[in-house]
Amino acid sequence: METSLAPRHVAVIMDGNGRWAEKRGLSRINGHIAGAENVPKVANILFAAGVEIVTLYAFSKENFARPQAEVEGIFQRVKAFALSFTERPQVNARVYFTGEEEGLPADLVAACRAAERATKSNGDKALNILLNYGGRSEILRAARLLCGEPVTEESFRSKLLFPDLPDPDLIIRTGGEKRLSGFMLFQSAYSELYFCNALFPDFGVREINSALADYRSRERRFGGIKTP
Ligand code: FPP
């Protein structure tokens with residue numbers, strides 16, 4: 001597989017699980033089960049393509065507005081995925097679960113922390129799962145933490161939820177919608193955006209290769225001009 005010029009950090013907004021299930025006459029939770037099964041596959045395809053960091057949007061703070069059974073179903077899948085890192089890992093990477101702990105079930109948080117501990121010495125790849133995350137709330141939290149202190153881009157970044165990871169080079173949203181939905185609002189300033197119609201459970205090697213090929217065709221100028 002092509003590994004040259006791979007984006008260093010790819011972030012995916014995993015949309016379309018619900019519609020995938022509804023199309024099949026299944027309940028929405030079956031869509032999240034299928035989505036969760038696709039998570040290690042997507043991470044492994046991206047890592048094999050030379051990507052170093054994969055961030056996945058698993059649950060936004062706003063997703064608490066969904067019916068309780070759906071929220072619990074998503075949490076169950078995330079917990080099972082976290083536990084797999086202490087039992088039978090499907091992905092060889094350092095794993096991080098990033099977001100606000102408050103509001104999450106204690107057993108889910110414990111499984112996430114155990115996965116982080118179990119993988120902390122793993123090689124050169126990182127898998128960052130955003131859980132109970134919201135970009136606006138992350139920015140407000142940083143502002144509150146800095147209250148009364150000098151605010152520079154550096155000091156502000158240091159108060160964000162994952163200050164050690166570089167900004168995403170490429171953000172992919174599956175499911176056909178074209179918006180960021182509060183995803184990495186500070187870090188996405190110069191990210192390349194790619195929207196694809198595939199619903200997340202159908203997002204596979206073909207769709208990922210198209211996204212990476214599209215990324216390679218982009219000219220990134222970071223506000224500058226084309227260099228001769
Ligand atoms: C958005 O699709 C998806 C979510 C809110 C949940 C994403 C969760 C998973 C992929 C499974 C668990 C995660 C891990 C890391 C194991 P939607 O349900 O809003 O889709 P729709 O727009 O078709 O309704």
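The values are calculated or read from the model by the stated rules, or taken from the named source; none is laboratory data. Bear in mind the structure is a predicted one, so any value in this text is a computation, not a measurement. Note that each Cβ is placed from the backbone with ideal geometry, even for glycine, and that neighbours are counted across all protein chains shown. Accessible surface areas use protein heavy atoms only, side chains included; no ligands, DNA or RNA. Shrake-Rupley method; radii C 1.70, N 1.55, O 1.52, S 1.80 Å.
For the reader, a short list of remarks on this structure follows.
- Residue, surrounded by the fewest Cβ atoms within 10 Å (Cβ to Cβ), within segment 184-199, restricted to residues that are under 19 Å from residue 212 (Cβ atoms) and of a type in the set (S, T, N, Q): 197
- For segment 202-228, a residue qualifies if it is outside any loop (DSSP other than H, G, I, E, B) and basic (Lys, Arg), and the qualifying residues are 206, 216.
- Residue count for segment 83-110, restricted to those that are part of a loop (DSSP other than H, G, I, E, B), within 12 Å of the ligand (Cβ to nearest atom) and not polar (S, T, N, Q): 2
- Per the listing 114, 80, 21, the residue uniquely in a helix (DSSP H, G or I) and away from the ligand (no atom under 11 Å from the Cβ) is 114.
- Counted residues, segment 24-49 - those being more than 9 Å from the ligand (Cβ to nearest atom) and farther than 17 Å from residue 95 by Cα: 7
- Taking segment 75-89 as the range and being among the aliphatic types (A, V, I, L, M) and open to solvent by 20 Å² or more (accessible area, probe 1.4 Å) as the test, the residues that pass are 80, 83.
- Residue 176 in a loop (DSSP other than H, G, I, E, B) and open to solvent by less than 30 Å² (accessible area, probe 1.4 Å): yes
- The residues of segment 52-70 that are open to solvent by less than 20 Å² (accessible area, probe 1.4 Å), more than 9 Å from the ligand (Cβ to nearest atom) and touching a helix residue (DSSP H, G or I) at 6+ places or on another chain (Cβ under 8 Å) amount to a single one, 54.
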